[in-house]
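Worksheet: one structure, shown below.
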Amino acid sequence: MRTCVGCKRRALIGELLRVVAVAGKVVVDERRRLPGRGAWLHPDPDCLAKAERRRAFPRALRAPGALDAREVREQVGRTTTHHEAGTSPGSRGIKEAGRPVMSQP
């Protein structure tokens, strides 16, 4: 369980995006392997807007100054587009820990 920095609700790791600060930008850590302190966010434009409005990314990532969240906005936009098209976040073939689901014969 992790807490979304936008809405402050707790959710399973598989339901949230991990983001980290890299060179003054907030980037999505899709494989959840990038070094450094991470923050968690629902792939929802409302949660992203709340996190930006509250200035949650610099605080959660312990980064001095403002951070550019352009890449996260693009990722959330892509995720929202896929979700609206009828695919659920759980149907992407990813387990809760972020590893691909292995098919069994």
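The values are calculated or read from the model by the stated rules, or taken from the named source; none is laboratory data. Predicted model only: the values in this text are computed from it and were never measured. A quick note on method: Cβ atoms are made from the backbone with ideal geometry, for glycine too, and the neighbour counts reach across all protein chains shown. Note: areas computed on protein heavy atoms with side chains; ligands, DNA, RNA excluded. Shrake-Rupley method; radii C 1.70, N 1.55, O 1.52, S 1.80 Å.
Would you work out what percent of the accessible area of the range 1-64, with all protein chains in place, is carbon or sulfur (probe 1.4 Å)? It would help to have the intermediate numbers written out before the result.
Numbers: 1870 of 3790 Å².
With neighbouring chains kept in place, the figure for the range 1-64 is 49 percent.
How much accessible area per residue does the range 2-81 have, counting only protein heavy atoms and a probe of 1.4 Å, in square angstrom?
Details: 4680 Å² over 80 residues.
Each residue of the range 2-81 exposes 59 Å² on average to a 1.4 Å probe.
At 1.4 Å probe size, put 29, 46 in order of accessible surface, largest to smallest.
46, 29
In whole Hz, with x marking every Gly and Pro, tabulate ³J(HN,Hα) for the range 42-49 from phi via Karplus 6.51 cos²θ - 1.76 cosθ + 1.60, θ = phi - 60°.
Per residue, the Karplus-derived 3J(HN,Hα) values read 5, x, 10, x, 5, 5, 5, 4 Hz.
Which residues' amide hydrogens lie under 5 Å from the amide hydrogen of residue 22, considering only partners 5 or more residues apart or on another chain, with H built in the peptide plane?
Residues meeting the criterion, in which the H sits 1.01 Å from N, are 27.
Please list, ordered by chain and number, the residues whose modelled amide H lies under 5 Å from the amide H of residue 6; skip anything fewer than 5 residues away on the same chain.
Here the answer is 42, since their amide H atoms fall under 5 Å of that of residue 6.
Of the GluC sites (Glu not before Pro) in the range 17-76, which ones lie in a loop per DSSP and count no more than 12 other C-beta atoms within 10 Å? Present the calculation step by step, with values, prior to reporting the outcome.
Working: sites: 30, 52, 71, 74; in loops: 30.
The qualifying sites are 30.
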